[in-house]
Amino acid sequence: MRSYNLEHLSILVLEKHLLVRKLLTDVFSEFGVPTVQSTPDPDVAWQIFKQFSIDLILSDWTHDLDGMGFLRRVRQNPESADPFVSVIVCTANTEYRHVCFARDVGMTEFLAKPVSAKTIYSRICAVIENQRPFIRVAGFFGPDRRRHRDDLYGGIDRRQRAG
């Protein structure tokens, strides 16, 4: 894993549990991130997002915290300060259908709880190293959901592999 200088990042953490928010803030501080704002309230997170320049959002998604509603708002609301911002969904909802749902709402990366400093850093590295183009199609706006692009083929055959 490469080492990145994160001292210019501004991170917004939307997390239900105070202890986890504190843990994440401490981890980001150890990574050298100077600005971390956190809240358990999606409406407060929205106001922070609109008022401050945010480079990365780490969003919880639980029964009592609608991280997907917040993500949808970031991606699709006309008042969004930056619909292209990287969003890492950090949740215990790890069933395949949950991952697909978060992907289809427009997440950039997915992080399953419980987390460690290493897995958090690996997702930040993935955001940096694997920037995907954003697309808008039929109600979806977000990073291209296809992880492996194969530009060797054109037209109807572009998704087929060579023989």
Cα long-axis angle, helix 18-30 against the chain (0 to 90 degrees, to the nearest 10)
80 degrees
Which residue, 141, 87, 23, has the largest displacement toward the positive end of the dipole of the range 10-157 when charges sit on each Cβ (Lys, Arg +1; Asp, Glu -1)?
141
Where nothing but the Cβ of Lys and Arg (+1) and of Asp and Glu (-1) is charged, how large is the charge dipole of the range 10-157 around its Cα centre, in debye to the nearest 20?
160 debye
Rounded FRET efficiency, nearest 0.05, which uses the C-beta distance separating residue 76 from residue 119 and R0 of 22 Å:
0.20
Checking the table 50/118; 22/113; 16/113 against a 20 Å threshold on Cα-Cα, which pairs fail?
50/118
Using Cβ counts within 10 Å as a stand-in for footprinting exposure, how do 91, 39, 108 rank, fewest first?
39, 91, 108
For a quick check: sort 120, 11 by the number of other beta carbons within 10 angstrom, fewest at the front.
120, 11
per DSSP, antiparallel bridges as share of beta bridges in the chain, % nearest 5, sits at 25 percent
Arrange the following residues from fewest to most other Cβ atoms within 10 Å of their Cβ: 141, 70.
141, 70
Gyration tensor over alpha-carbon atoms, the range 10-157, equivalent ellipsoid semi-axes in Å
25, 17, 15
Run the helix sum for the chain: -39,500 (n - 2.57) per DSSP H stretch of 4+ residues, divided by residue count, reported at 222 nm to the nearest 500 deg cm²/dmol.
-10500 deg cm²/dmol
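Computed from the coordinates by the stated procedures, all read-outs in this text should not be read as laboratory data. Quick caveat, the model's predicted, so the values are computed rather than measured. Positions of Cβ are backbone-derived with ideal geometry, glycine not excepted, and every protein chain shown enters the neighbour counts.
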